[in-house]
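Enquirer: Below is the structure I would like to discuss, written out as structure tokens.
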């Protein structure tokens, strides 16, 4: 057993749309060495007739190869694959560039929350390919595995943990296995053991409460808005943006674009924005529409409210100091004033033209040699999260409030949780999104920090990945669960008593239920 504990562990974090992995943990915690889209494609002809069932991962000892061309059993024998034609990773990316891909294949995301059956077969297929990418041969796998699965509120049932355990031992052939809930991994990486974790998912967002390294599942809340609605909202804004419409026409050298062609280009612009421009290129407005750090340079405008005294006296009153100049002198003065005003207007126009434009330049796959300018519309991409996907819809800041209103939390716990607010998920890559969220939590806080009370929090504090993790300096919250998994992996597989992981011997003796004892002791 000692040689297993000394082997290089594999840390895998699966979010709803992306899977990250690192093979081996050194003195400095490393960034993911492999990042894979957590999806695969099946031919449409088979997808229409085949139904995804909520069955356990196959327990016949077969281990699928990542390419889907063949299955390999525990003895290394190659068998005919039942997944011929399935695409994942680079093969999927290349196929998506081909004409008519949408009609030939169906793309599935097995780790996304599903109201129907969970796609365990797809999860196995994606994870098998992930191990292949990091250089692990499944038939001879000697690497311990720590898995951080996507959150599955309102709880993380033992039955789901048992299925992941079965997948790890029977399909991935791992010798040691440990599983870590995503909220717990996130709070560890953010340098705390208690706090609020907001996870923005694809169609739903979740709020989790962690106190003293225990996930309070009874406090978790689900908000019916996610990244999908942000992308759809952004595409609608881009379709209506006149600046982008002119840019696309100039780039394609066409006076008019068909609706289908424009939608295709808009979709590409949106994808590039989400993939490449989530740093300083996007500045999510704070509550009230103001930008972070923005200071108005305009002088205070005069109050335009109706003034009775002014109307009765000022408007109709003659000038206080009537001119004593001749009509010719008055005409010359008026001409000079008009000339001065024209010069001032021209100078203002020149200054406005030379001022920096709030726009970025991007390239899209269909027009790789053309530069397309994208204006301020890009800053609005997170609005559905704050305002709801429709008028009066649920919002993420209201979900945070509901989580803290849970009766199981004491007053002291509620007040302390406001000091540790973390944001994870793919939308956390937008650097200005978490600070904007804090401003939307103002209704739950005291109106002034000068007031003193022990019943209501005075401020909310945003957690970030500490800078002493050198490789993660300036990283965004989307990497927090992965870093937390790396932290726990160093402890989980070095514990001689095996309180944080199970071995293949444990699995053979107790089956998937072996994970139950680790779950009871691990938190």
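Computed from the coordinates by the stated procedures, all read-outs in this text should not be read as laboratory data. None of these values were measured; they are calculated from a predicted model. Methodologically, a virtual Cβ is constructed for each residue, glycine included, from the backbone with ideal geometry; neighbour enumeration extends over all protein chains shown.
Enquirer: For the ranges 112-125, 430-443, what's the packing order if you count other beta-carbon atoms within 10 Å of each residue, average per peptide, and put the highest first?
Expert: 430-443, 112-125
Enquirer: Ok, one more. Gap in Å between the Cα centre of region 117-172 and the Cα centre of region 262-283?
Expert: So the two Cα centres are separated by 32 Å.
Enquirer: Then there is this: Go through 91-101, 379-389 and give me the packing order, highest mean Cβ count within 10 Å leading.
Expert: Answer by packing, highest mean first, reads 379-389, 91-101.
Enquirer: In addition: Could you sort the peptides 148-158, 9-19, 221-231 by per-residue average Cβ neighbour count (10 Å cutoff), highest mean leading? Show your work: numbers first, answer last.
Expert: Details: 148-158: 18.3, 9-19: 24.4, 221-231: 21.2.
Highest to lowest by the protection proxy: 9-19, 221-231, 148-158.
Enquirer: Continuing with the same structure: Hey, how many Å between the Cα centroid of region 225-254 and the Cα centroid of region 400-459?
Expert: First find each Cα centre; the distance between them is then 34 Å.
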